[in-house]
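Structure, as structure tokens:
Quick note: the coordinates plus some simple rules give every number you see, no bench work behind them. Since the model is a prediction, treat every value here as computed from it, not as a measurement. When we count neighbours, we look across all protein chains shown, and the Cβ atoms used for this are built from the backbone with ideal geometry, even at glycine.
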Amino acid sequence: MEHMTAGDIAKACGGHLLAGDPQTPVEHISLNSNEMKGNDLFVPLIGERVDAHRFIAQAMENGAAAALTSEHSRAPEGAVGVWIQVEDTKAALQALGTFCRSRLPLPVIGVTGSVGKTTTREMIAAALSAGRRVFKTPGNYNSQVGVPVTVSEISSSDEIAVVELGMSEPGEMTVIARIACPDMAVITNIGVAHIGQLGSRENIYREKMAVLDGLREGGILVLNGDDPWLKESRAKDGCRTVYYGLGEHCEYRAEQVRISEGYPSFTAVCRGVRVPVTLRVMGLHQVGNALAALAAADLNGVSLTAAAKALESYVGYQGRQQQFESGGILFIDDTYNASPASMTAAMDLLSSLDRGGRRIAVLADMKELGEEEVRFHREVGTHVGKSRIDLLLTYGNLAEELAKAALEERPGLAALHFRERQALEKYLTDHLESGDAVLLKGSNSMKLGEVAQHVCRYYH
């Protein structure tokens, strides 16, 4: 937040000062009382288990300049810093995010979808960097409380911003889309992630399309033209719709798609312009992500040739198909999260590799899939059974169902199931060989990322 005072924040939030100087400069928002960048506003959120109001004093001791509060009608005796009373700290944070966005003259690109949001965000930022100074969402600040913080960090030195918009419950997309107020919205796909909270794929579709509630008048909706839910969808009146994909109807299209040792290349075609693209991230599904990035760059004045060149430098994001080689073994760490679509794409990637050794899939539970979670795991298991993998290692109760379906599809498949993560780690450290390709994938809560780190250190 540039040129912002405590008084400005109180006005933006509809609150009033209980203590402190209204002219106190405030530059950042912190949701963690232990993490301050300098001149921070601490926002104490009330969670299911913890009410962060009890950490206000600690935040001040750690360098916060101001704090919001909904639990004080007057500042405590001897209070340090600026105290701003609001009715609801979460709502006040969102109001502040909306105010920060209203002061920004630069274009904002909002990115959402069931699978691939972060990778597409990163690719768009990489492509735009060929011609613009780009701000992008830090980490996973993509929620009702993360997006306001993200927007507040955009500065006058930035020329364009790429903001990830995530949601896991009904109505959430409308809230964050209205805070981000994007000039362009990109939807990567409609899958079943968070179907446990949203109830059906149709509800997920409606929730993702609610990004239009925040899309500015005259804005552009960029859709995956290969997705069955999106290929015939359109933006609201007054906004333009652009499709990307492999289909002839796509304005940004990929032709001559090839894959070599897991890495895709293709020719991007747009309005008669043809540009060769070679990626340094694995998997054919990355072609769609790259097309979205090229579309976003071209529609914002960056040449396709320059954007394609910039994409060649993108090597992935932590926990999302990161590749490491240790002891002659290729590790693919795709442990940040998992859904049926991303799990299937990961199996296709592993199947495409020919390193001379075994293709080993280490798969854990996919979470938040609702009442049909067993069916989704079994469907992925059937796909695994049809793939070219040589060894399947599973961890978790739901992953056991996946393994059963894989063995029903291919009875001869070598497969082992583990009930303890430590036992899985020990097996990997004892049995991997040079030439093996090992893919690790599961929902973040299954902590396969820790397995990946442990095993990579062992073979280093």
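Peptides 411-418, 150-157: what's the order by average Cβ count within 10 Å, highest mean first? Working shown, then result.
Numbers: 411-418: 14.5, 150-157: 18.9.
The peptides rank, most packed first, as 150-157, 411-418.
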Inset, instruction - Could you work out how far apart the two model spin labels at Lys231 and Leu106 are, taking each label as a point 7 Å from the Cα in the direction of the beta carbon, and quote it in nm? - result: 3.6
Inset, instruction - Using every pair of alpha-carbon atoms in the chain, split the distances into 10 Å bins beginning at 0 and state the percent of pairs per bin, rounded to integers. - result: 4, 19, 26, 25, 17, 7, 1, 0
Inset, instruction - Please report how far the C-alpha centroid of the range 244-282 lies from that of the range 361-394, rounded to the nearest whole angstrom. - result: 29
Legend entry - Karplus-derived HN-Hα couplings along the range 378-389 (A = 6.51, B = -1.76, C = 1.60, θ = phi - 60°), whole Hz, x at Gly and Pro: 5, 5, 5, x, 4, 5, 4, x, 7, 7, 9, 6
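Tell me what the chain gives for mean residue ellipticity at 222 nm when only DSSP H runs of n ≥ 4 count, each as -39,500 (n - 2.57), the sum divided by the residue total, rounded to 500 deg cm²/dmol. Walk me through the numbers before you get to the answer.
On the way: 15 runs with 153 residues, N = 460.
After summing the helix terms and dividing by residue count, I get -10000 deg cm²/dmol.
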Legend entry - Burial order of peptide ranges 430-437, 103-110 (average beta-carbon count within 10 Å, highest first): 103-110, 430-437
Inset, instruction - Specify the inter-centroid distance of the range 405-447 and the range 332-356, based on alpha-carbon positions, in whole Å. - result: 13
Legend entry - Mean Cβ count within 10 Å, highest first, over the residues of peptides 67-79, 179-191: 179-191, 67-79
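Given an 8 Å cut-off on Cα distances and at least 6 residues of separation, report the relative contact order of the range 179-230 as a percent. Intermediate values should be presented prior to the final figure.
Numbers: 61 pairs, mean separation 28.9, N = 52.
Value for the range 179-230: 56 percent.
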Inset, instruction - Net charge near Asn62: determine it from the other residues with C-beta under 12 Å of the C-beta of Asn62, scoring Lys and Arg +1 and Asp and Glu -1. - result: -2
Inset, instruction - Let me have the relative contact order for the chain, percent, based on Cα pairs under 8 Å that are six or more residues apart. - result: 11
Inset, instruction - Sort the range 69-198 into rounded, prolate or oblate with this rule: let a ≥ b ≥ c be the square roots of the eigenvalues of the Cα gyration tensor; rounded if a/c is under 1.5, and if a/c is not under 1.5, prolate when a/b is larger than b/c, oblate otherwise. - result: oblate
Inset, instruction - For the range 132-240, just say rounded, prolate or oblate: build the C-alpha gyration tensor, square-root its eigenvalues into a ≥ b ≥ c, call rounded for a/c under 1.5, and beyond that prolate if a/b exceeds b/c, oblate if not. - result: oblate
Inset, instruction - Collect residues whose amide H, placed 1.01 Å from N in the peptide plane, falls under 5 Å from the amide H of Val86; neighbours closer than 5 in sequence don't count. - result: Thr69, Ser70
Inset, instruction - Treat each spin label as a single point 7 Å out from the Cα along the C-beta direction, and report the Val374 to His3 distance in nm. - result: 6.2
